[in-house]
Amino acid sequence: MSIEHAVEMRGISKRFGTVQALNGVDLELRRGELLGLVGDNAAGKSTLMKTLYGSVIPDAGEIFIEGQKAALRNPRDAQALGLAMIYQDLAVFNNLDVAANVFTGREYTRRVLGITFLDKKRMYNESEALLSRLRINISSPKLLVERMSGGQRQMVAVARAIGFDATILIMDEPTAALGVKEANTLLDLMSELRDQGISIILITHRISDVLSIGDRVMVLKGGERQGVLNVEDSTLEDVEYLIVRGRPDGSG
Amino acid sequence: MTANQTPPTRVESARARVRELMAPRESGVFLALVIFFVVMYTVSPIFRRPFNLTTILRQISVTSIVAMGQTLVIVSGAFDLSQGSIAGLAAMVTAKLWKNAGLDPPIAIIGGLGVGVLCGFLNGVLAARFRLHPIVMTLATGAVFLGVNFYITRGESIIGLPDGLTWLGKGLIGPVPALIVLMFIVAFLMHILLTRTLFGLRVRMIGGNLKASQDVGMNVERIRVGIFTLSGFLSALGGIVLLGRVGNALPQIGQGLLFPVVTAAIVGGTLLTGGVGSMAGTLIGAAIMGIARNSLVVLQLNIYLQDIVQGMLVVVALLIDQFRRGELNWRIILGRDR
Ligand SMILES: Nc1ncnc2c1ncn2[C@@H]1O[C@H](COP(=O)(O)OP(=O)(O)OP(=O)(O)O)[C@@H](O)[C@H]1O
Ligand SMILES: [Mg+2]
């Protein structure tokens, strides 16, 4: 067990009925790196990340976070260990404003006469500070998320995760529904966060994204790990070959 | 926001208050209310008599009080169709506690409110713990509450209620009818609850995105129970106020309540899909309904138009709602879409 790893997963397996979604998968996320997780549809990417986030309990395998063995029974456990996962669709409350979204689950409150009142002013101030620290371009924390673009919503979700002091960020296809410009802004934010010391796992079908901002890329196929490539010495073709054909020699 | 360095003036912050209270959703209905009011005020001398205006407020007060509870429920993404039956049961229990158990009116009222709380709690548990669909479930519990009401009263009215039981519906606070004061107090408190408290935020969260609320790890069950319990309480309060409005305790009290209540919430801009709605909006919705009804009277139109007008207002409100959410546009209506 090496301390340089923010996350280490060993031999993770998960079966859904007749589908073996994951079969003895290993994963190492180095501290402060951006690891791409790629593979075809149904390769098991989301399921693997859900086991790391405690929302799917694996049938077998072990998970270490910052060198400590972790027993993750639900996302709360994972969050307590500094993890945050951002799903594409469930990330935000569209009917609430930015600040309410950033502070979801850890609202500032004041108790008066036994009633818990929201400390809105403090939440507005702090979310404004957080947005500017992350260089997120949202003009006011009072904006309703429903009026925002898909990219801005993702950023609100990221701000929320970072506001929770997350040190390990998992993003499941965050750019899938975004236009080129918005996707690029979000990718910029991810490199910025990585440079601030956050370890990131990015699931995506856009391999070129990983190759442009990532450090390493891990390929899954049929619930099995096909290999991990260094972005520096890999080409798009190398990654695509692994995704489609799997590992050349049939071993790890 | 960086340009805004000078502290806001009084007028500015007052404006911000108003804006917050009247989010864009409400401003539309508010405008409708103002126009409606001004038109009626101009055309009808009877309408603008202070007595008539007070009458409108008295007429909408019970609807509004109960509708505040319904708004909370709808914002959370559910419905409470048992409100009318809870109102009736609570009213009758209150009257019976006074008549048959010989309790003092205030104690009897507390007993009646307690019945409402209990009914609401039961709804909440069925919705939250047993995960029953709120619409059908409250329809069913509503039938049960109504049945219990008629069972214990054998369908008989209780007449000759003491002042203590009718004061909420009939009494005055200075020159102002007590029930109007009560309506505004309930509206104010419910507004604070929905917009300023953690509970209110949770309600909006469950209604806006249930899955995400669960992921956050909030206690959705407890919040649901709280919502339905409060709805039951306000229904009971409405029922007890009705005792005074009607003058006698009739078992069928509250039976006509549900439709105007839901209408007030919908006309007031509460999104049926949950997550969005305000107490100010619901109050405005109730006022529009009240003026509509009153107009028929003062313009000496056939009062039976009331149901037609009310029904049509709901349809219009639903249409506006669909437009706002982008579910509907002229292309679809004209059949040009697919
Ligand atoms: N809750 C579940 N119940 C049953 N089967 C599931 C469940 N979750 C995932 N699976 C199955 O497990 C396999 C892996 O799914 P997973 O969602 O992890 O794939 P993925 O790599 O994220 O694919 P995509 O790129 O399409 O998102 C699929 O065959 C899927 O149908
Ligand atoms: Mg997936």
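The values are calculated or read from the model by the stated rules, or taken from the named source; none is laboratory data. Values in this document were obtained by computation on a predicted structure and should not be read as measured data. Cβ atoms come from the backbone with ideal geometry, glycine included; neighbour counts cover every protein chain shown. Note: accessible area is taken over every heavy atom of the protein model, side chains too, but ligands, DNA and RNA are not part of it. Shrake-Rupley method; radii C 1.70, N 1.55, O 1.52, S 1.80 Å.
Here the Gaussian network model covers chain B, with springs between Cα atoms less than 10 Å apart; of B:Val246, B:Val66, B:Val262, B:Val246 fluctuates the most.
Scattering from region A:96-164 was approximated by placing one identical point on each alpha carbon and applying the Debye formula without solvent; log10 I(q)/I(0) at 0.16, 0.23 1/Å stands at -0.50, -0.93.
Legend: residues B:Tyr304, A:Tyr53, sorted from most to least accessible area (1.4 Å probe; ligands, DNA and RNA excluded), read B:Tyr304, A:Tyr53.
When Rg and Dmax are taken over the Cα atoms of the protein assembly as shown, they come to 29.0, 94 Å.
Taking the DSSP beta bridges in the protein assembly as shown as the whole, what percent of them are antiparallel, to the nearest 5? Intermediate values should be presented prior to the final figure.
Working: 30 of 47 bridges.
Rounded to the nearest five, the antiparallel share is 65 percent.
Over chain A, the Kirkwood radius and the radius of gyration, each from Cα atoms, give a ratio Rg/Rh of 0.99. Just so you know, the Cα atoms of region A:42-83 work out to an Rg and Dmax of 9.9, 30 Å. Within 10 Å of the Cβ of each residue in A:100-107, the mean number of Cβ atoms contributed by other protein chains is 3.
Summarising the amide proton neighbourhood of A:Lys221: residues at separation of 5 or more, or on other chains, whose placed amide H is nearer than 5 Å comprise A:Gln226.
Between the alpha-carbon centres of region B:70-123 and region B:211-282 there is a gap of 12 Å.
Only Cα pairs under 8 Å and 6+ residues apart enter the sum, and on that basis the relative contact order of chain B stands at 30 percent.
The separation of region B:283-338 from region A:3-81, counted between C-alpha centres, amounts to 53 Å. Annotation for the A:B interface, with buried accessible surface near 1800 Å², both sides summed [1.4 Å probe; non-protein components not counted].
Along region A:7-24 the Karplus relation, 6.51 cos²θ - 1.76 cosθ + 1.60 evaluated at θ = phi - 60°, assigns HN-Hα couplings of 9, 9, 10, 10, x, 6, 10, 8, 10, 10, x, 8, 8, 8, 6, 9, 9, x Hz to successive residues, with x for each Gly and Pro. Under a 5 Å amide H cut-off, with hydrogens placed 1.01 Å from N, A:Arg30 pairs with A:Ala6 among residues at least 5 apart or on other chains. Mean per-residue shielding of peptide B:251-261 is 0, counting Cβ atoms of other chains within 10 Å of each Cβ.
Share of pairwise Cα-Cα distances greater than 18 Å in region B:184-338 is 69 percent (whole percent). With the biggest extent put first, the Cα atoms of chain B measure 67, 57, 53 Å across the principal axes.
Charge dipole (Cα centre; +1 on Lys/Arg Cβ, -1 on Asp/Glu Cβ; no other charges) of chain A amounts to roughly 1060 debye.
Think of each Lys and Arg Cβ as +1 and each Asp and Glu Cβ as -1; about the Cα centre, that makes the dipole of region A:63-145 roughly 240 debye.
Among B:Gly269, B:Gly77, B:Gly171, the largest mean-square fluctuation in a Gaussian network model of chain B, built with springs joining Cα atoms closer than 10 Å, belongs to B:Gly171. For chain A, the residue among A:Ser46, A:Met190, A:Tyr108 whose Cα projects farthest onto the positive side of the dipole built from Cβ charges is A:Tyr108. Solvent-accessible surface (1.4 Å probe) assigned to A:Ile65 amounts to roughly 10 Å².
Considering only DSSP beta bridges with both partners in chain A, what is the antiparallel share in %, to the nearest 5? If I count the DSSP bridges inside chain A, around 60 percent turn out antiparallel. Comparing B:Ser231, B:Ser27, B:Ser44 in a Gaussian network model of chain B, where Cα atoms under 10 Å apart are tied by springs, the biggest mean-square fluctuation is seen for B:Ser44. Taking 7 Å steps out from each Cα toward its Cβ at B:Ile192 and B:Leu31 produces label points 3.2 nm apart. Let me have the relative contact order for region B:188-338, percent, based on Cα pairs under 8 Å that are six or more residues apart. Relative contact order comes out at 19 percent. The value of relative contact order for chain A, using C-alpha pairs under 8 Å at least six residues apart, is 26 percent. Taking all protein chains together and a 1.4 Å probe, the residues B:Trp167, B:Trp98 rank B:Trp167, B:Trp98 from largest to smallest accessible area. Between B:Val176 and B:Glu327, what FRET efficiency follows from the Cβ-Cβ distance if R0 is 30 Å, with the result rounded to 0.05? The calculated FRET efficiency here is 0.10. Placing unit charges on the Cβ atoms of the charged side chains and taking the dipole of chain B about its Cα centre, the candidate lying farthest along the positive direction among B:Asn209, B:Val267, B:Leu168 is B:Asn209. Between B:Ile159 and A:Ala60, the simple label model (points 7 Å from Cα in the Cβ direction) yields a spacing of 8.2 nm. Just want the answer: with Cβ charges of +1 for Lys and Arg and -1 for Asp and Glu, which residue in A:Gly163, A:Ile136, A:Met148 is farthest toward the dipole's positive end in region A:96-164? Highest projection toward the positive end goes to A:Gly163.
Quick check: with the 1.4 Å probe, what order do B:Lys211, A:Lys120, A:Lys45 take by accessible area, largest first?
Highest to lowest solvent-accessible surface, that is B:Lys211, A:Lys120, A:Lys45.
Taking each residue in B:129-137, count the Cβ atoms of any other chain within 10 Å of its Cβ, then average. What number comes out?
The per-residue average across the peptide is 0.
Between region B:150-164 and region B:167-210, the alpha-carbon centres lie 28 Å apart. As a calculated quantity, the FRET efficiency between B:Lys211 and A:Glu4 at R0 = 30 Å, using C-beta atoms, amounts to about 0.25. Under the convention that each Lys and Arg Cβ holds +1 and each Asp and Glu Cβ holds -1, the size of the dipole of the protein assembly as shown around its Cα centre is about 2260 debye.
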